[in-house]
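A short reminder: the numbers here are calculations on the coordinates, not readings from a lab. Here the structure is a predicted model, which means the values were calculated and not measured. Because the Cβ atoms are built from the backbone with ideal geometry, glycine has one as well, and the counts that use them run over all protein chains shown.
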Ligand SMILES: [Zn+2]
């Protein structure tokens, strides 16, 4: 019995000591800061929220070097048209936003422009369905585009683009500032990549970072659109590789 009492006594002692230390710190901070400055501190905390709001609504700058990179691309592809690619970014992103919002990949599956994107969007939509999450992109307006990077090697060329845009965004699973600001128009920036396979003989399929899926069963296709799907037997239309196809997209601000 005496053991139990001494144990409880020791516990109470420790709690009392911690309480006294906290009181001393509290009194010291108060005497150092003062009641007026204490109000200032609260004001500053509110300011941080305002700055966050302003940053959310600030139109972002495109990140790119179009003037330097465009001539380099034109040397390799004399029919390269950056405005055509910029318009593809807008069309593709709108199609993707729509598929995510509707949680329906049918249009993407049938879309020849998004052959490299189908499996990514399909997995994302499946993920949203599994977690019962609803995402909305409203009143999308694009601002500016720039070429951010250009790389040509092993039979394929890759162009990276930077795009600024705005929309009302809501995600009902999001507990962070995106949710807090869902009444404000979000200013943001996306990075997208487009690939042009210019020499299939140099292009090794086992090095391929981007897979094309069968539009019928979704199985990855070993070869780029020739013959029938190995899994379900669906005839795959030959794909014209001589063109720029989107292979990835990501939002720069989170
Ligand atoms: Zn198939």
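Under a crude label model (7 Å from the Cα following the beta-carbon direction), how far is residue 141 from residue 101 in nanometres?
1.6 nm
Rounded to the nearest 500, what is the chain's calculated 222 nm mean residue ellipticity when only DSSP H runs of at least 4 contribute -39500 (n - 2.57) each, over all residues? All intermediate terms of the calculation are to be shown ahead of the outcome.
Numbers: 6 runs with 110 residues, N = 254.
Mean residue ellipticity, 222 nm, calculated: -14500 deg cm²/dmol.
Expressed in nm to one decimal, what extension gain is obtained for the pair residue 65 and residue 44 from 0.36 nm per residue of sequence separation less their Cα-Cα distance?
Numbers: separation 21, 0.36 × 21 = 7.56 nm, distance 3.81 nm.
Net length gain for the segment: 3.8 nm.
Anyone know which of 154, 219, 16 comes out most mobile in the 10 Å Cα GNM of the chain?
Taking springs between Cα atoms under 10 Å, the residue moving most is 16.
Kindly provide log₁₀ I(q)/I(0) values, in the same order as q = 0.16, 0.20 Å⁻¹, from the Debye equation applied to equal alpha-carbon scatterers of the range 63-188.
Values returned for q = 0.16, 0.20 Å⁻¹ are -0.94, -1.20.
To the nearest 10 degrees, how steep is helix 118-130 against the longest Cα principal axis of the chain, on a 0 to 90 scale?
40 degrees
For the residue pair residue 185 and residue 234, what label-to-label distance in nm results when each label sits 7 Å from Cα along the Cα-to-beta-carbon direction?
3.9 nm
Percent of alpha carbon pairs in the range 1-56 separated by more than 17 Å?
64 percent
So what's Rg/Rh here for the chain, counting alpha carbon atoms and using the Kirkwood radius for Rh? Kindly include the intermediate steps, with their values, before the conclusion.
On the way: Rg = 27.7 Å, Rh = 22.7 Å.
Computed over Cα atoms, the ratio is 1.22.
If you scale each eigenvalue of the Cα gyration tensor by 5 and take the root, what three semi-axes come out for the range 35-115, rounded to whole angstrom and sorted largest first?
Details: eigenvalues 376, 114, 9 Å².
The answer is 43, 24, 7 Å, longest axis first.
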